[in-house]
Amino acid sequence: MIEVLVVDDDTRVARINAAYVAKVPGFRVTGQAHSAAEALRRLAARPCPDLVLLDHHLPDETGLAVVREMRRLGHEADVIMVTAARDVATVRAAMRHGALQYLVKPFGFAGLRVKLEAYAELRRALDGGGEAGQAAVDRFFGALSASAEPGLPQGHSPGTAERVREVLMRAEGPLSAQETADRTGVSRQTAQRYLKLLERAGRARLTLRYGDAGRPEHRYVWAARV
């Protein structure tokens, strides 16, 4: 599990963001903080969180000041800025101080989910250690550029797309179209259509399983698990 500290001066917003994080498989909120001082106190506790969702506008200091102090104190938690600050100077400073992502308020669950999934994919890519060639390095940096799924073609339902995505993301291994249909309550043909959409968008990977007859069965796995 990736442990997350949510930092926002607005307690209501912090609760909403924490609820969003809790909905993404593989992530767990370990605490909330509403000021820079409280955030640094929580970071000093052990075990230290893996990731900080950090607002810039805090009552006692800026989020960027928190990042600078984190690094000075040797805290290695990664940072995703979640803030209404839109000025280029703040964005540039966040990049310079090592924030991995920058999410502009207001945003919904889908916006945060994409950032968290990209972060999880990066962590998995880096877990192997060792050395990396240029192609591997490009994949590491590319993991952070993940964006939301593109608009659905005409005749496709966002609700159905979300159900299929959730089932695939939560599955422990590859699923066939029939297995996806059984878990979502849609027809096999509908499940197959949405699975192919996810594959084309790069959110799912197609795998093949050969049966006794030698005919391959198409099975799909959430891309971050590959």
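The values are calculated or read from the model by the stated rules, or taken from the named source; none is laboratory data. Everything numeric in this text was worked out from a predicted model, so none of it was measured. Using ideal geometry, Cβ is built from the backbone for each residue, glycine included, and neighbour counts are taken over all protein chains shown.
Against the test of being surrounded by fewer than 19 Cβ atoms within 10 Å (Cβ to Cβ), under 19 Å from residue 11 (Cβ atoms) and either of a type in the set (Ser, Thr, Tyr) or free of Cβ contacts under 8 Å to residues at least 24 places away in the same chain (or both), the options 96, 46, 41, 86 yield a single qualifying residue, 41. Residue 118 falls short on exactly one of the conditions (1) part of a helix (DSSP H, G or I); (2) at pLDDT below 90; (3) farther than 26 Å from residue 12 by Cα, and that condition is (3). Taken over the range 66-83, the criterion of being farther than 27 Å from residue 15 by Cβ and touching a Gly at 6+ places or on another chain (Cβ under 9 Å) is satisfied by 71 alone. Among helices (runs of 4 or more DSSP H) entirely within the range 151-218, having at least 3 residues that are of a type in the set (S, T, N, Q) singles out 177-184, 188-200. Among the candidates 24, 66, 6, the residue that is of a type in the set (A, V, I, L, M, F, W, C) and farther than 25 Å from residue 165 by Cβ is uniquely 66. A single member of 55, 8 is buried (at least 16 other Cβ atoms within 10 Å of the Cβ) and in contact (Cβ under 8 Å) with a residue 60 or more places away in the chain, and it is 8.
Scan the range 170-187 residue by residue and report those that are in contact with a Ser or Thr (Cβ under 8 Å, 6 or more places away or on another chain) and without any contact (Cβ under 8 Å) to a residue 40 or more places away in the chain. Answer for the range 170-187, where residues must be in contact with a Ser or Thr (Cβ under 8 Å, 6 or more places away or on another chain) and without any contact (Cβ under 8 Å) to a residue 40 or more places away in the chain: 181, 184, 186. Among the criteria (1) modelled with pLDDT under 95; (2) touching a Lys or Arg at 6+ places or on another chain (Cβ under 9 Å); (3) surrounded by 15 or more Cβ atoms within 10 Å (Cβ to Cβ), the one residue 111 does not fulfil is (2).
The set of residues in the range 9-67 that are in a loop (DSSP other than H, G, I, E, B) and of a type in the set (Gly, Ala, Ser) comprises 26, 35, 45.
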